[in-house]
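Taking it in order: structure first as structure tokens, then the write-up.
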Amino acid sequence: MKELDNLVKINKLKQEPADAKEFAGMVQAGDTKLKDSQIAGLSEDSQFSLAYGAAHAFSLAALRWHGYRSDSRYLVFQCLQHTVNLSKAKWRVLDKCHNTRNLAEYEGHLDVNPQLLRELISITQEVQALVKAMPPIE
């Protein structure tokens, strides 16, 4: 993939052979977090954290399926347009969620917008389906 190879050239991504066991573990982690994010009675903060974690797990799984690895959390979302053909508008929502997560983690400020949470869960479900439709790693 030309775009991802360009990121390797500038040291934003590393090439590393895909690993079926690692991929399956990431998908399973994403499945669990996404399911848990929808438990009735959870605070919006908890739902957001779990759904964000699921989105990251699925996005990283997609990147790893293609034989790349990133040390930057935000970059796995930006690569979704290349790894699973997710629209720019949708990965930008995930990028916004990343910024929201960073404010919570590093500055103690988490004000979850209910609409953003709904979009996060919906897009994460879409990414989940796209990742699960990928052929097995051989």
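The values are calculated or read from the model by the stated rules, or taken from the named source; none is laboratory data. Source: prediction; values computed, not measured. Cβ sites come from the backbone with ideal geometry, for glycine too, and all protein chains shown count toward neighbours. The protein model used for the area step is the full one, side chains on, heavy atoms only, and it has no ligands, DNA or RNA in it. Shrake-Rupley method; radii C 1.70, N 1.55, O 1.52, S 1.80 Å.
Before moving on, here are some points about what is shown:
- Residue by residue, the range 58-72 carries 3J(HN,Hα) couplings of 5, 5, 5, 4, 4, 5, 5, 4, 7, x, 10, 9, 10, 8, 9 Hz when phi is fed to the Karplus relation 6.51 cos²θ - 1.76 cosθ + 1.60 (θ = phi - 60°); x denotes Gly or Pro.
- Mean sequence separation of contacting Cα pairs (under 8 Å, at least six apart), scaled by the length of the chain, corresponds to a relative contact order of 30 percent.
- The simple Förster model, with R0 at 35 Å and r as the Cβ-Cβ distance, assigns MET134 and ASN99 a FRET efficiency of 0.80.
- Across LYS2/LYS35; LYS9/LYS33; LYS12/LYS90, pairs whose alpha-carbon gap is larger than 28 Å: LYS2/LYS35; LYS9/LYS33
- Of the residues ALA20, ALA89, ALA62, the one that moves most in a GNM of the chain with alpha-carbon contacts below 10 Å is ALA89.
- The 3J(HN,Hα) values that the Karplus relation (6.51, -1.76, 1.60; θ = phi - 60°) gives for the range 100-106 are, in residue order, 5, 4, 5, 4, 5, 5, 9 Hz. Gly and Pro appear as x.
- Positive-end ranking of ALA61, GLN15, VAL27 along the dipole of the range 1-63, with charges on Cβ about the Cα centre, is headed by GLN15.
- Surface share of carbon and sulfur [accessible, 1.4 angstrom probe, percent] for the chain: 49 percent
- In the chain, the DSSP-assigned H stretches of four residues or longer account for a calculated mean residue ellipticity at 222 nm of -22500 deg cm²/dmol, using -39500 (n - 2.57) per stretch and the full residue count as denominator.
- The charge dipole of the chain, taken about its Cα centre with unit charges on the Cβ of Lys, Arg, Asp and Glu (plus for the first two, minus for the last two), comes to roughly 380 debye.
- Per residue, the convex hull spanned by the alpha carbons of the chain comes to 100 Å³.
- Note that the range 67-130 presents 52 Å² accessible area per residue, ligands and nucleic acids not counted, probe 1.4 Å.
- In range of the label at ALA20: residues from the range 102-138 whose backbone nitrogen is under 19 Å from the point 7 Å along Cα→Cβ: 131-138
- Estimated from the Cβ-Cβ distance and a Förster radius of 22 angstrom, the FRET efficiency linking GLU3 and GLN38 is about 0.10.
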